[in-house]
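Visitor: Handing you a structure now.
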Ligand SMILES: [Zn+2]
């Protein structure tokens, strides 16, 4: 997990201003239904291309929770609500110790609340959202006081993630596994980091692929560090913010070769090169859009792929 920055963008598909939209109606319906014990659903505008594109600009093609690589068009790549929009099973959710919330439906279409994650992390996080002090929980009537909440799930957009997590090696089956731990006890984010590691299973409990991938990234980095000057660029690239498991590579470089840590502009350069490579795959789609095919079929395709519903 690594710290992220939200780009300032206007996304038509998330706009809930103006006339009553399907989004506004869904929020109102949830608030009404919640009171009546019903479970209304939300149209998934956060999965539209403009929103997904902005999320890629925010974090590259990397899961905001576990730092694994995401696939651009995969249904496994999902948009996550940091503060859950709802709770799927009211009785069960309420029974989870310290997590008795009723959802944050008014944040369902709020850009600041969205992250892009892998399917596994999405399942694990679910509607879980415990607070350090439950009596500070905000509801629809106090929605403008969100800053009073102290969540027990790290927020990669607002918390100092790199100050909260550390990399440690443990020996199991004669192999070294790079594991993730909460940094110093008694720091404000300690219990939050511990809860996040446990909930998202950042140490691979039932997620062997996650540990295998992290071990490979770390192993390659160690090898490259041993090779010295000729592999310095590869070492820096492994720690680029928009690369898989970069947080682990950064932890190692901080301790062993801090001069190889990439600068923010190196991070950005890496992101732009990755996006360029990815977009070239969709050149056909882009050309179709640019030509603005005037035939009824062309108009229909453009409408389906690129236009916003209101
Ligand atoms: Zn993940």
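The values are calculated or read from the model by the stated rules, or taken from the named source; none is laboratory data. Remember, it's a predicted structure, so these values are computed and weren't measured experimentally. Counting neighbours? That spans all protein chains shown, and the Cβs are built from the backbone with ideal geometry, glycine included.
Visitor: Tell me, yes or no, whether segment 131-142 has at least one residue that is buried (at least 19 other Cβ atoms within 10 Å of the Cβ) and either within 16 Å of the ligand (Cβ to nearest atom) or under 18 Å from residue 164 (Cβ atoms) (or both).
Guide: yes
Visitor: When residues of segment 59-69 are filtered for being surrounded by 22 or more Cβ atoms within 10 Å (Cβ to Cβ) and either away from the ligand (no atom under 15 Å from the Cβ) or closer than 17 Å to residue 271 by Cβ (or both), how many remain? Even if it seems obvious, please write down each step before you answer.
Guide: Step one: filter segment 59-69 for residues surrounded by 22 or more Cβ atoms within 10 Å (Cβ to Cβ), giving 59-60, 62-67.
This time we only want the ones that are either away from the ligand (no atom under 15 Å from the Cβ) or closer than 17 Å to residue 271 by Cβ (or both), so: 59-60, 62-64, 67.
Going through segment 59-69 one residue at a time, the tally reaches 6.
Visitor: Still on this model: Out of all the residues in segment 122-129, is one or more in contact (Cβ under 8 Å) with a residue 60 or more places away in the chain and away from the ligand (no atom under 16 Å from the Cβ)? Please lay out each step first, then the result.
Guide: In the first step, residues of segment 122-129 are kept if they are in contact (Cβ under 8 Å) with a residue 60 or more places away in the chain; the result is 124-125, 128.
Next cut, away from the ligand (no atom under 16 Å from the Cβ) only: none.
No: segment 122-129 contains no residue that is in contact (Cβ under 8 Å) with a residue 60 or more places away in the chain and away from the ligand (no atom under 16 Å from the Cβ).
Visitor: Residue check, residue 100 against (1) over 19 Å from the mean Cα position of the chain (by Cα); (2) assigned to a loop (DSSP other than H, G, I, E, B); (3) at pLDDT 90 or above, all met but one. Which one?
Guide: Of everything listed in (1) over 19 Å from the mean Cα position of the chain (by Cα); (2) assigned to a loop (DSSP other than H, G, I, E, B); (3) at pLDDT 90 or above, residue 100 misses just condition (3).
Visitor: All but one of (1) without any contact (Cβ under 8 Å) to a residue 24 or more places away in the chain; (2) in a helix (DSSP H, G or I); (3) in contact with a strand residue (DSSP E or B) (Cβ under 6 Å, 6 or more places away or on another chain) hold for residue 218; which doesn't?
Guide: (1)
Visitor: Looking at 239, 248, 257, which one is at pLDDT 70 or above and in contact with a strand residue (DSSP E or B) (Cβ under 7 Å, 6 or more places away or on another chain)?
Guide: Working: 239 fails: in contact with a strand residue (DSSP E or B) (Cβ under 7 Å, 6 or more places away or on another chain); 257 fails: in contact with a strand residue (DSSP E or B) (Cβ under 7 Å, 6 or more places away or on another chain).
248 is the lone residue from the list that is at pLDDT 70 or above and in contact with a strand residue (DSSP E or B) (Cβ under 7 Å, 6 or more places away or on another chain).
Visitor: From the set of residues in segment 70-82 that are in a loop (DSSP other than H, G, I, E, B) and at pLDDT below 95, which is farthest from the ligand (Cβ to nearest atom)?
Guide: From segment 70-82, those in a loop (DSSP other than H, G, I, E, B) are 70-77, 82; that's our starting set.
Narrowing further to those that are at pLDDT below 95: 70-77.
Numbers: 70: 8, 71: 12, 72: 15, 73: 17, 74: 12, 75: 14, 76: 10, 77: 10 Å.
Within segment 70-82, the match that is farthest from the ligand (Cβ to nearest atom) is 73.
Visitor: Turning to a different aspect of this structure: Return yes when residue 194 is outside any loop (DSSP other than H, G, I, E, B), surrounded by fewer than 18 Cβ atoms within 10 Å (Cβ to Cβ), touching a strand residue (DSSP E or B) at 6+ places or on another chain (Cβ under 9 Å) and in contact (Cβ under 8 Å) with a residue 12 or more places away in the chain and no when it is not.
Guide: yes
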